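The values are calculated or read from the model by the stated rules, or taken from the named source; none is laboratory data. Everything numeric in this text was worked out from a predicted model, so none of it was measured. Neighbour counts run over all protein chains shown; Cβ positions are idealised from the backbone, glycine included.
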Amino acid sequence: MRMADPLYALYTRRLRRRVAASAPLPRHIGLIMDGNRRWARQMGIANPSLGHKAGGEHVEDVLSWCDRLDIRHVTVFVCSTENLARRDSAEVAFLMGLIEDLVGRRLARPDARRQMHIAGSLDALPDRTAEVLKEAVEVTRDCATGAHVTLAIGYGGRQEVVDALREHLYEQAESGRTLGELAEEIDVEDVARHLYTAGQPDPDLVIRTSGEQRMSNFLLWQSAYAELYFCEAYWPAFRELDFLRAVRSYSDRQRR
């Protein structure tokens, strides 16, 4: 393996240059970071939750790869509403602690490279986790790089659309319009401007790790025209080479 490392590094550098020179590159990438627990079991780690720790630490690596290609918008699917409801309470508590550490100590520094946004229901999260996330949004609000990262936490794509419609109805009710008038006039922009990701471009490319080939309720509205790429590697083992191949695939599809 040690002998192969220089070859891997050489090939990765070459592919990085080729991808950087190709066009078009995605403006916005969505990441479904799947396979943390399976990676831990594969590595013989007794506590599968430690896979979440490795996965959380890997987020910074992947964001740095996006920086190298000047990809300004990245949305990371951290945990869904289903994860919070179905998984063991101890595992959820461990995951929330990891999120607080990743966001509070690493991604939300005053010199942060990316402005942070949150997509999801903070009400579904423990108070401490919600507070850390809100503070992170404030700390990075003045980030001037033009780069953004959105963390989808306590997120569900269907619920996002329901919430957007509800907000639109509340807004229009204040103007005195009837339901019939609303039904006649509502359009896609009315929904889009109330989504959690309002103001950001829709993802051009969605990458999912672990070999699973489904969206799992992630950015359902926004990904209507996105290119999808499924990678066999579990998230903690997702390499820059895998990432570059995904971006290359996107560029090749666009050229066709």
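Observations on the structure shown:
- Taking the numbered list (1) in contact with a helix residue (DSSP H, G or I) (Cβ under 9 Å, 6 or more places away or on another chain); (2) more than 27 Å from V161 (Cβ to Cβ); (3) not hydroxyl-bearing (S, T, Y) in turn, G211 passes all entries but (1).
- Residue satisfying all of: in the range 214-255; without any contact (Cβ under 8 Å) to a residue 40 or more places away in the chain and among the small types (G, A, S); nearest to W39 (Cα to Cα) among these: S249
- One residue from T129, T140 being modelled with pLDDT of 95 or more, within 21 Å of N217 (Cβ to Cβ), among the polar types (S, T, N, Q) and buried (at least 19 other Cβ atoms within 10 Å of the Cβ): T129
- Any pair with Cβ under 7 angstrom, 6 or more apart, that starts in the range 169-194 at a residue that is over 26 Å from Q222 (Cβ atoms) and ends at one that is of a type in the set (F, W, Y) and surrounded by 14 or more Cβ atoms within 10 Å (Cβ to Cβ): none
- Among residues of the range 193-221, those that are touching a strand residue (DSSP E or B) at 6+ places or on another chain (Cβ under 9 Å) and within 19 Å of E82 (Cβ to Cβ), counted: 13
- When residues of the range 202-247 are limited to those that are part of a loop (DSSP other than H, G, I, E, B) and among the small types (G, A, S), the one surrounded by the fewest Cβ atoms within 10 Å (Cβ to Cβ): A224
- Any pair with Cβ under 8 angstrom, 6 or more apart, that starts in the range 18-39 at a residue that is over 18 Å from D67 (Cβ atoms) and ends at one that is modelled with pLDDT of 95 or more and assigned to a strand (DSSP E or B): I32/F77; I32/V206; I32/I207; I32/R208; D34/R208
- The residue of the range 75-102 that is surrounded by the most Cβ atoms within 10 Å (Cβ to Cβ), among those that are out of contact with any Leu (no Cβ under 6 Å at 6 or more places or on another chain) and within 16 Å of A136 (Cα to Cα), is T75.
- For the range 171-192, the condition holds for at least one residue, the condition being that it is closer than 22 Å to I29 by Cβ and either out of contact with any strand residue (DSSP E or B) (no Cβ under 6 Å at 6 or more places or on another chain) or surrounded by fewer than 18 Cβ atoms within 10 Å (Cβ to Cβ) (or both).
- Close pairs from the range 61-84: first more than 25 Å from L122 (Cβ to Cβ) and among the charged types (D, E, K, R), partner outside any helix (DSSP H, G or I) and modelled with pLDDT of 95 or more, Cβ under 8 Å, at least 6 apart: D67/A147; D70/L25
- Qualifying residue in the range 142-150 (condition: in a strand (DSSP E or B) and either without any contact (Cβ under 8 Å) to a residue 60 or more places away in the chain or under 16 Å from I32 (Cβ atoms) (or both)): yes
This table checks each residue for (1) over 24 Å from S210 (Cβ atoms); (2) in contact with a Lys or Arg (Cβ under 8 Å, 6 or more places away or on another chain); (3) of a type outside the set (S, T, Y).
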position	(1), (2), (3)
R13	yes, no, yes
R16	no, yes, yes
L25	yes, no, yes
I32	no, yes, yes
W39	no, no, yes
M43	no, no, yes
A46	no, no, yes
G56	no, no, yes
S64	no, no, no
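- Against the test of being out of contact with any helix residue (DSSP H, G or I) (no Cβ under 9 Å at 6 or more places or on another chain), farther than 24 Å from M33 by Cα and assigned to a loop (DSSP other than H, G, I, E, B), the options G180, G176, G199 yield a single qualifying residue, G176.
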